[in-house]
Amino acid sequence: MSSTRHVLSSVVVLFALLTVSPLASAQVPLQFVAVTPCRVVDTRWPVGPLGGPEIQGQTSRDFALPNGVCSIPPTAAAYSLNVTVVPHPTLGYLTVWPTGQPRPVLSTLNSPNGRVKANAAIVPAGDNEAISVFATDTTDVVLDIDGYFVPATSATLAFFPLTPCRVADTRWPNGPLGGPTLSGGQVRFFPVLSSSCNIPNSAQGYSLNFTAVPRPTLGYLTVWPTGQSRPTVSTLNATTGVVTANAAIVPSGTSGAISVYVTDNTDLIIDVDGYFAPSDSGQNPLSLYTLPPCRVLDTRHSTGTFSGMLPVTVLASPCSVPSAEAYVLNATVIPFGGHPVGYLSLWPDAEGQPVVSTLNAVDGAVTSNMAIVPTLNGSIDAYVQNPADLVLDIFSYFAPIGSLNITTTSLPSGTLNYQYSVSLGASGGVPPYTWSVTSGNLPPGLNLVGVPPNWVISGTPTTVGTYPFTLQVADSQSPPATASAPLSITVNATLTQLTVLTTSLPTGTQNTGYNAMLAADGGVTPYTWSVTAGSLPIGLHLDANSGAITGTPSGAGISNFTVQVTDFQLATASAPLSITIAPAVALSITTTSLPSGTAGLAYSASVTAVGGVYPYTWSVTSGTLPDGLHLNPSTGAIKIGRAHV
């Protein structure tokens, strides 16, 4: 295969995103603030908090990045970094994580052959705004920063994904975004906005993947916003001459251009898969949410070594990933028998396989790279050219900030001089929420109380009557979003029969967050809810105290079940209900024709589909296959045997 084939355009941005920040544990959406690329740590500098000495093997060091020269504020919740190692002489692996948290069992990068290597990393800030770095073997470490993430405000930049697109390739004919090959010691600028990738003028930063094809070796490559002085940072190194890729978030410069400097002659490919811009500048802005590190897939313990295409259902994995529009993954390929794999591609399920690569392993070595992979339905697809095992770990995801809504649609009646306690429900926005009564009054004896995230109307009503009022919920954005709902509580003189009021539930969509509240009336609150027959859709669960049905459905179809409510005096009432979940992408067969066969020769072809819910089952519903051939109902393969006339 030619080198051009090996250096395929990237479908995803390659990042390392490590462990969970305190903010992330509350699912706070984070957005980006760009800075001029700046070197914040270099252990080759004189001894100091952000300088030497080198990190000794089996030890770690903490680095408080706001204490450096790069003007990073102490309010930063996560840092966008480029991590470079200079091993002495080799490095098993290096791990970066928030200071104060347990060191996760994962690696940011590996260099067992002693190569100077770099990898992008988004690392949450830990204690004292510091990050920790552990190395298995003695190494120097260089940290360059190109931005940071803070809780979303009107001044931060949201992420807007793009269909992966090649911005520039110096192997193309000569032109502003084409040839010639970059010359060592020279600077060249690339007018990103003039590409065919539909990047809007509102973009203030680009999510790019740079692939260098050295001629024959490359000391380092630096990227920065055009119009600014070249910073003392590096984006990637390829000192051994191997084709090398790395990602970078690059602020836009003059007229939206970026500048590139190389120490030695090299060809360069620049791919884009998203940009950062104000939230109000486009549709569907996304924010970053971190997760506890979790292994989504390890084919060594599941499907086994494979080649070709493999669907991966991230949403249905044990990792409890909520609805997302892109996953932050670490992909590791283990070539079978040490033989070359060629390349790995990851892309959104329900789309055709793009001619792209996530990583290359042409030397047969175990190879890892970080990847942000878009998703439509909670699944992604993986392709390896030659047999290999695949490990996928997830660290974070991108998702929109949903509209703030009050999910409590009615409140049960109370009874004079009997206790009353009902939880309130809301969805969307940025938790935690704050509730208030903005008009009208609660019944005498009842109060709105709570410590986020739990808010209830509770007390003992003292006056019979019906009391209308308006509830408002405010989220934690700055400024906060709000939502209001008119509600009422009727206080009866005597107890009434316990009844489930909910007669139907809203439909949902696969890989989209679901939130609905069950309602009951009568009896004595608080209520306890349960499912006594049937089951909720996979991915949804019922909160026994509030009656909220929440989660992210991973499948599709109709789920029938029975709910039961039990009041404080152990009276019960039941109701049959159902929830319909629609697939995120409609099922369709993508194969439009099959190759002809020759009598007496083996035949092999496959029919393919996208959308729906895995696994698929195939069948022939009319006509017949030629004698000697059959359709595999699990894979869609048509083969085995010899075709007859």
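The values are calculated or read from the model by the stated rules, or taken from the named source; none is laboratory data. Source: prediction; values computed, not measured. Glycine gets a Cβ as well: all are built from the backbone with ideal geometry, and neighbour counts include every protein chain shown. Areas reflect the complete protein model, heavy atoms only, side chains present, ligands, DNA and RNA absent. Shrake-Rupley method; radii C 1.70, N 1.55, O 1.52, S 1.80 Å.
Points worth noting:
- Among (1) open to solvent by 40 Å² or more (accessible area, probe 1.4 Å); (2) over 20 Å from Val563 (Cα atoms); (3) in a loop (DSSP other than H, G, I, E, B) - the single one Pro443 does not satisfy: (1)
- Output for region 229-255, where each listed residue is out of contact with any helix residue (DSSP H, G or I) (no Cβ under 8 Å at 6 or more places or on another chain) and among the hydrophobic types (A, V, I, L, M, F, W, C): Val233, Leu236, Ala238, Val242, Ala245, Ala247, Ala248, Ile249, Val250
- So Ala168, is it part of a loop (DSSP other than H, G, I, E, B) and touching a residue at least 40 places away in the same chain (Cβ under 8 Å): no
- Test for Gly256: is it within 19 Å of Pro37 (Cα to Cα) and within 15 Å of the chain's Cα centre (by Cα): no
- A count restricted to region 332-365 and to residues that are within 30 Å of Thr550 (Cβ to Cβ) and either aliphatic (A, V, I, L, M) or in contact with a helix residue (DSSP H, G or I) (Cβ under 7 Å, 6 or more places away or on another chain) (or both) stands at 2.
- Residue that is modelled with the highest pLDDT [pool: residues in region 537-553 that are of a type in the set (Gly, Ala, Ser) and assigned to a strand (DSSP E or B)]: Ala548
- Selection count where residues are under 18 Å from Gly274 (Cα atoms), at pLDDT 80 or above and part of a strand (DSSP E or B), scope region 346-363: 3
- Scan region 508-542 for residues that are out of contact with any Phe, Trp or Tyr (no Cβ under 7 Å at 6 or more places or on another chain) and under 13 Å from Gly555 (Cα atoms) and the total you get is 9.
- Residues that are over 30 Å from Tyr614 (Cα atoms) and in contact (Cβ under 8 Å) with a residue 60 or more places away in the chain were ranked within region 524-546; the one that is surrounded by the fewest Cβ atoms within 10 Å (Cβ to Cβ) is Asn545.
Residues are listed down the side, and each one gets a yes or a no for (1) part of a strand (DSSP E or B); (2) open to solvent by 30 Å² or more (accessible area, probe 1.4 Å):
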position	(1), (2)
Gly274	yes, no
Asp280	no, yes
Tyr289	yes, no
Ser307	yes, yes
Cys319	no, no
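- Number of positions in region 451-490 that are at pLDDT 95 or above, in a loop (DSSP other than H, G, I, E, B), of a type outside the set (A, V, I, L, M) and open to solvent by 20 Å² or more (accessible area, probe 1.4 Å): 3
- Residue selected from region 59-106 under the condition assigned to a loop (DSSP other than H, G, I, E, B) and either acidic (Asp, Glu) or within 16 Å of Thr138 (Cβ to Cβ) (or both), by the criterion most open to solvent (accessible area, probe 1.4 Å): Pro89
- Options Pro164, Pro151: the member that is open to solvent by 30 Å² or more (accessible area, probe 1.4 Å), out of contact with any strand residue (DSSP E or B) (no Cβ under 6 Å at 6 or more places or on another chain) and modelled with pLDDT under 95: Pro151
- Test: residue in region 5-13 that is in contact with a Lys or Arg (Cβ under 9 Å, 6 or more places away or on another chain), of a type in the set (Gly, Ala, Ser) and modelled with pLDDT of 95 or more: no
Yes or no, residue by residue, for (1) open to solvent by 60 Å² or more (accessible area, probe 1.4 Å); (2) among the polar types (S, T, N, Q); (3) assigned to a loop (DSSP other than H, G, I, E, B):
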| residue | (1), (2), (3) |
| --- | --- |
| Leu594 | yes, no, yes |
| Thr598 | yes, yes, yes |
| Gly612 | no, no, yes |
| Pro615 | yes, no, yes |
| Trp618 | no, no, yes |
| Ser622 | yes, yes, yes |
| Asp627 | yes, no, yes |
| Pro633 | yes, no, yes |
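- Matching residues in region 295-305 - criterion: being loosely packed, with under 15 Cβ neighbours inside 10 Å, touching a strand residue (DSSP E or B) at 6+ places or on another chain (Cβ under 8 Å) and not in a loop (DSSP other than H, G, I, E, B): Arg300
- Subset of region 635-645 (residues that are at pLDDT below 90, assigned to a strand (DSSP E or B) and among the small types (Gly, Ala, Ser)): Gly641
- Filter pass, Pro176 being under 24 Å from the mean Cα position of the chain (by Cα), modelled with pLDDT of 95 or more and either basic (Lys, Arg) or not in a helix (DSSP H, G or I) (or both): no
- Number of residues in region 247-272 that are more than 21 Å from Ala77 (Cα to Cα) and part of a strand (DSSP E or B): the value is 12.
- Among all positions in region 413-432, there is no residue which is open to solvent by 40 Å² or more (accessible area, probe 1.4 Å), under 30 Å from Ser279 (Cα atoms) and hydrophobic (A, V, I, L, M, F, W, C).
- Residue that is farthest from Ser368 (Cα to Cα) [pool: residues in region 392-408 that are open to solvent by less than 40 Å² (accessible area, probe 1.4 Å) and polar (S, T, N, Q)]: Thr408
- Residue within region 556-576 that is farther than 30 Å from Ser458 by Cα and in contact (Cβ under 8 Å) with a residue 60 or more places away in the chain present: no
Here's the yes/no breakdown for (1) surrounded by 21 or more Cβ atoms within 10 Å (Cβ to Cβ); (2) in a loop (DSSP other than H, G, I, E, B):
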position	(1), (2)
Ala365	no, yes
Ala371	yes, no
Asn377	yes, yes
Leu390	yes, no
Ser410	no, yes
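- Any hit, region 334-343, residues being assigned to a loop (DSSP other than H, G, I, E, B) and on the phi > 0 side of the Ramachandran plot: no
- Residue check, Asp144 surrounded by 20 or more Cβ atoms within 10 Å (Cβ to Cβ) and assigned to a loop (DSSP other than H, G, I, E, B): no
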